[in-house]
Amino acid sequence: MASHFFFLCTLLTFSLYFHGISGAIPKYVVINEVPTHGGGIKFDKVIGGIPYTKKKMRHINKYIWYKVFKQNTPADQKPLDNVTVFIKDFVGVEAVTWGSDKINVSAVFLRDYPGPMDLKWEFTSLMHHEMTHVFQWNGEGKTPAPLVEGIADYTVLKANYFPPGFTKPGSGDRWDEGYVHTPFSPVL
Ligand SMILES: [Zn+2]
């Protein structure tokens, strides 16, 4: 009985220690729903598929918490059990974050991406943007959408994953204009 109790305490202490130090790191789930689609094939063969994506999600998650948002304690960090990436067949946008912890990436975009960067680089850039949406607070929906997009692109810029020559500092008109104009505005 005593040893049982000791074991349980050790387990609890370890669990508290682990979560206290690193926060509650979510589980990363990646589902390629279209493995025979041109984009699904490129996801597996060119980008590195599920193993590469999971590894990058963990890396980007920590980058966003500690380097971009400076959220060093679990109390500041958005608590999520899972973050899920789906490779799906849809058109219209490259990727979209929904339901606060899910990201859809367009297989059509992956299949047809023309460059100038290589596809793995572009996918990683996209993941920086969408993962920021997963972890950013949005003032319970009251934050202006362009600002939300601007913060997401700030992560991309800071991580040096913005296509070179796309735009330059000072190119925006307003600090809340969104996308890359927000991080490049003199205010932020
Ligand atoms: Zn966005």
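Here are a few things to note about the model shown:
- Residue in segment 65-85 that is nearest to PHE43 (Cα to Cα), counting only those that are touching a strand residue (DSSP E or B) at 6+ places or on another chain (Cβ under 9 Å) and within 16 Å of the ligand (Cβ to nearest atom): VAL85
- Every pair of residues 6+ apart whose Cβ atoms lie under 8 Å, when the first sits in segment 148-163 and is more than 14 Å from the ligand (Cβ to nearest atom) while the second is at pLDDT below 95 and among the hydrophobic types (A, V, I, L, M, F, W, C): PRO163/MET117
- Cβ pairs under 6 Å, 6+ apart, first in segment 80-104 and without any contact (Cβ under 8 Å) to a residue 24 or more places away in the chain, second among the aromatic types (Phe, Trp, Tyr) and in a strand (DSSP E or B): ASN104/PHE86
- Within segment 103-148, if we keep just the residues that are among the aromatic types (Phe, Trp, Tyr) and in a helix (DSSP H, G or I), the residue that is surrounded by the fewest Cβ atoms within 10 Å (Cβ to Cβ) turns out to be TRP121.
- Each residue in segment 48-90 was checked for being outside any helix (DSSP H, G or I) and not small (Gly, Ala, Ser), and 21 of them qualify.
- Answer residue from segment 149-184, given it is at pLDDT 90 or above, of a type in the set (A, V, I, L, M) and within 19 Å of VAL93 (Cβ to Cβ) and is surrounded by the fewest Cβ atoms within 10 Å (Cβ to Cβ) among those: VAL156
- Residue under evaluation ASP118, criteria (1) charged (D, E, K, R); (2) away from the ligand (no atom under 11 Å from the Cβ); (3) in contact with a strand residue (DSSP E or B) (Cβ under 8 Å, 6 or more places away or on another chain), criterion not met: (3)
Residue by residue, here is whether (1) under 17 Å from ILE47 (Cβ atoms); (2) within 16 Å of the ligand (Cβ to nearest atom); (3) modelled with pLDDT of 95 or more holds:
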residue	(1), (2), (3)
GLY92	no, yes, no
VAL105	yes, yes, yes
PRO114	yes, no, no
MET127	yes, yes, yes
THR132	no, yes, yes
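The values are calculated or read from the model by the stated rules, or taken from the named source; none is laboratory data. Just so it is clear, the structure is predicted and the values come from calculations on it, not from any experiment. Backbone-built Cβ (ideal geometry, glycine too); neighbour counts: all protein chains shown.
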